[in-house]
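Here the structure comes first, spelled out in structure tokens, and everything after it is commentary.
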Amino acid sequence: MPKFRKKPVEIDAIQLTSTNLAAVLGFISDGPDATVDIRATAEGPSIDIPTLEGTMTALPNDWIIRGVKGELYPCKPDIFEATYEPAPSSPVEMHIQFQPDPPPVADAIRDIRRNGPPPTRR
């Protein structure tokens with residue numbers, strides 16, 4: 001049977017905890033549909049999120065993911081951990097150092113610039 005691999009795509013995500021409801025709501029408000037229902041549970045807040053597949057509930061410790069088209073959906077911590085890893089925080093910087101031409105080449109270039117190209121041999 002053919003196998004497939006997820007394309008490497010960076011996503012935005014935040015984990016719902018009992019202490020970060022304001023941050024989660026700020027994250028959700030950046031999405032296309034910011035209308036959510038919040039309920040209190042013994043473990044902490046739960047949030048009903050409208051998704052492309054219908055309303056889904058994010059429970060404490062679930063991750064809320066913003067997909068590639070801006071859609072929001074919850075993800076269980078074990079699935080999130082198996083599927084995603086932290087992305088690099090900044091682009092990789094490359095430092096290129098140019099070395100001067102070796103002396104014989106530099107001398108030849110200087111001679112050509114002063115005297116013109118050498119005569120061609122036939």
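Laboratory data are not the source of any read-out in this text; all were calculated from the coordinates shown. Quick caveat, the model's predicted, so the values are computed rather than measured. Quick reminder, even Gly has a Cβ in these numbers, built from the backbone with ideal geometry, and neighbours come from all protein chains shown.
Taking 0.36 nm per residue of sequence separation and removing the Cα-Cα distance, the Ala40/Gln15 pair yields an extension gain of 7.4 nm. A simple spin-label model places pseudo-atoms 7 Å from Cα toward Cβ; at Lys6 and Thr55 they are separated by 2.7 nm.
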